[in-house]
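Comments concern the structure below.
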Amino acid sequence: MPVTTDIVATYRGPGRVVRRLLDMGPREDRALAFVMAFCVVGFIAQLPGLARRAHLENLELNMLLGGALLGSVFILPLMFYFLAWISYLGAKLVGGKSTSYGARLALFWALLASAPLVLLNGLIAGFIGPGPAQTAAGLLWVVVFVWFWFSGFRQAQGPAA
C-alpha cells in the first residue's frame, strides 16, 4: 500500500498497520525511510514558525534554517534510534518478545503517521504564533503519537500480545 494510504489507515487502527508492516519482514531500509521522512517533514513544519520568528525578532532566517536543518535531519534520527533501542531494552526487561527491529518500526511508523499533526502545529506556529491554539495542536500530536506508538509496540511484541 502507498504510505499515504497507510497513514490514513493508522488513524483507524494503528496496530493493524504495524502488524502488516512487520509481516512484510524486517527491512531496515524501510525503517530508515520512515524516520528520515518524518524528520524532513518535521523540518518543513518548522519553516513557518522560523520565518515568523525571523521577521518579528529581526533575525537572519538562513541561520535559523541551518540550525533547524542540522537538528532535524542529522541529529534527530540518531536520537530516535536511541529511543527505540531504550524501548526495546525496557520491553525485554519486563519479558517482552519484541525484536529490536520491531521496536524501531513501531516508533518510526508512529512518528511518520502522526506527521500531519506536526505540519498542523507548524502552520499554527507560523500564522497564529505561540498561544492556546499551538499548545492544543502540540498536545493533540503528542496524544496521537503515543497512541500510535504503544499500539504498534504492542503488535511488535507478537500475535499473543
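Values as computed for the structure displayed
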quantity	calculated
Meets criteria (under 20 Å from the mean Cα position of the chain (by Cα) and either part of a loop (DSSP other than H, G, I, E, B) or farther than 15 Å from C39 by Cα (or both)) for L123	yes
Criterion (out of contact with any Ser or Thr (no Cβ under 7 Å at 6 or more places or on another chain) and surrounded by 14 or more Cβ atoms within 10 Å (Cβ to Cβ)) met by exactly one of R12, R19, R27	R19
Long-range neighbours under 6 Å by Cβ, at least six apart or interchain, first residue among the aliphatic types (A, V, I, L, M) within the stretch 24-44, second surrounded by 14 or more Cβ atoms within 10 Å (Cβ to Cβ)	A31/R104; A31/L105; A31/F108; V35/P77; V35/F80; V35/F108; A37/L112; V41/A115
L140 closer than 22 Å to R30 by Cα, within 14 Å of the chain's Cα centre (by Cα) and in a helix (DSSP H, G or I)	no
The stretch 39-50, residues that are open to solvent by less than 30 Å² (accessible area, probe 1.4 Å) and not aliphatic (A, V, I, L, M)	C39, G42, G49
Options F82, F43; residue that is out of contact with any Phe, Trp or Tyr (no Cβ under 7 Å at 6 or more places or on another chain), of a type in the set (F, W, Y) and within 25 Å of I124 (Cα to Cα)	F43
Which listed residue is closer than 23 Å to A133 by Cβ and in a helix (DSSP H, G or I), from A31, A37, A68	A68
Of all residues in the stretch 51-77 being aliphatic (A, V, I, L, M) and under 26 Å from T4 (Cβ atoms), the one that is most open to solvent (accessible area, probe 1.4 Å)	L69
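The values are calculated or read from the model by the stated rules, or taken from the named source; none is laboratory data. Because the structure is a prediction, the values reported are computed rather than measured. With ideal geometry, Cβ positions are generated from the backbone for all residues, glycine too; neighbour counts draw on all protein chains shown. Remember, those area values only see protein heavy atoms, side chains included, never the ligands or the DNA or RNA. Shrake-Rupley method; radii C 1.70, N 1.55, O 1.52, S 1.80 Å.
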